[in-house]
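*Asks:* One structure coming up, written as structure tokens, with questions to follow.
Bear in mind that the values in this text are calculations on the coordinates, not laboratory data. Every value quoted in this text rests on a predicted model; they were computed, and no experiment measured them. Reconstructed Cβ throughout: ideal geometry from the backbone, glycine too, with neighbour counts over all protein chains shown.
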Amino acid sequence: MGANAITPADPGLLTWLGRHDIEYEVHEHVQAFTAWSVAEAEGLDPHTVAKVVAVCTPDGERALAVMETTDRLDLRKVAHVLQADSVRLLTEAELATLAPSCEVGAMPAIGQLFGVPMVADHAIRDDRDISFNAGNHRCSVRVERAGWERATGVTYADLAVDRGDRPAWERS
């Protein structure tokens with residue numbers, strides 16, 4: 001757990017946000033292991049809570065995919081964006097190695113903190129503010145999406161599993 005045992009949010013995350021002039025709010029909540037449960041715990045619209053999924057290509061390239069809580073990641077689409085034949089989810093052990101200052105499954109949506117590229121689904125652009133884990137399962141951070149976008153240099157792509165209730169072009 002490292003620094004998370006001392007402070008509610010990962011200090012490296014807060015330092016990074018401050019260094020990049022991103023205003024943020026830290027929110028403590030009951031322990032929550034999914035982005036959906038974070039949204040419920042904080043009373044937020046789940047569309048404004050981002051989940052972070054770490055993936056790996058067959059040649060070992062790692063990346064973070066950022067999605068709305070309500071969407072599911074399409075691994076084929078991520079592979080296409082990363083110009084790989086396929087991708088897989090990182091194991092818990094790999095997550096612990098990639099982000100040692102974070103609890104497994106609670107990585108913030110800042111690829112630069114972990115030296116990996118980051119791609120986000122187009123739906124992330126829909127909201128003024130977004131929330132994501134702050135390094136543990138009891139704390140999140142809310143930031144202005146435009147500032148986060150500018151500082152992270154995130155790339156946007158269609159990453160979500162196509163839903164039957166609306167056409168794929170509507171999400172692009």
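*Asks:* Taking the alpha-carbon centroid of each part, what is the distance from the range 5-36 to the range 90-163 in angstrom?
*Replies:* Taking the Cα centre of the range 90-163 as reference, the centre of the range 5-36 is 12 Å away.
*Asks:* Is the C-alpha gyration tensor of the range 100-140 telling us rounded, prolate or oblate? Criteria: a/c under 1.5 is rounded; beyond that, a/b larger than b/c is prolate, otherwise oblate.
*Replies:* Details: a/c = 2.80, a/b = 1.37, b/c = 2.04.
Since a/c reaches 1.5 but b/c is at least a/b, the shape of the range 100-140 is classed as oblate.
*Asks:* Report the antiparallel proportion of the DSSP beta bridges in the range 46-97 as a percent, rounded to a multiple of 5. Mind showing how you got there, number by number?
*Replies:* Details: 9 of 9 bridges.
Rounded to the nearest five, the antiparallel share is 100 percent.
*Asks:* I've got another one for you. Peptides 120-128, 43-51, 22-30: what's the order by average Cβ count within 10 Å, highest mean first?
*Replies:* My ranking of the peptides, most packed first, is 43-51, 120-128, 22-30.
*Asks:* Using only alpha carbon positions, build the gyration tensor of the chain, then give the equivalent ellipsoid semi-axes as the square roots of 5 times its eigenvalues, largest first, whole angstrom.
*Replies:* Semi-axes (√(5λ), whole Å): 23, 19, 15.
*Asks:* How high is the relative contact order of the chain? Use alpha-carbon pairs under 8 Å, at least six apart in sequence, and give a whole percent.
*Replies:* This gives 29 percent for the chain.
*Asks:* Restricting to DSSP H runs of at least four residues, report the calculated mean residue ellipticity at 222 nm for the chain, -39500 (n - 2.57) per run over all residues, nearest 500 deg cm²/dmol.
*Replies:* -6000 deg cm²/dmol
*Asks:* I'd like to know which of Pro58, Leu95, Gly153 lies farthest towards the positive end of the charge dipole of the range 48-156, counting +1 on Cβ of Lys and Arg and -1 on Cβ of Asp and Glu.
*Replies:* Of the listed residues, the answer is Gly153.
*Asks:* Can you tell me how the range 71-172 classifies by the Cα gyration tensor, rounded, prolate or oblate, using a/c under 1.5 as the rounded cut? It would help to have the intermediate numbers written out before the result.
*Replies:* Numbers: a/c = 1.73, a/b = 1.23, b/c = 1.41.
Note, shape of the range 71-172 comes out oblate.
*Asks:* Ok, one more. Please give the charge dipole size of the range 24-172, origin at the Cα centre, charges +1 on K and R Cβ atoms and -1 on D and E Cβ atoms. Round to the nearest 20 debye.
*Replies:* Approximately 180 debye in magnitude.
*Asks:* Across the range 11-22, in residue order, what do the Karplus-derived ³J(HN,Hα) couplings come to in whole Hz, using 6.51 cos²θ - 1.76 cosθ + 1.60 with θ = phi - 60° and x for Gly and Pro?
*Replies:* My calculation for the range 11-22 gives x, x, 5, 5, 5, 4, 4, x, 5, 9, 6, 9 Hz in order.
*Asks:* Sequence-distant or interchain residues sharing an amide H contact under 5 Å with Met118, placed H: which?
*Replies:* When sequence neighbours closer than 5 places are left aside, the close amide H contacts are Leu64, Thr155.
*Asks:* Return the percentage of antiparallel bridges among DSSP beta bridges fully within the chain, rounded to the nearest 5 %.
*Replies:* Percentage antiparallel, nearest 5: 75.
*Asks:* While we're on this one: In terms of the Cα gyration tensor, with a ≥ b ≥ c the square roots of its eigenvalues, is the range 22-95 rounded because a/c is under 1.5, prolate because a/b exceeds b/c, or oblate?
*Replies:* In terms of gyration-tensor shape, prolate.
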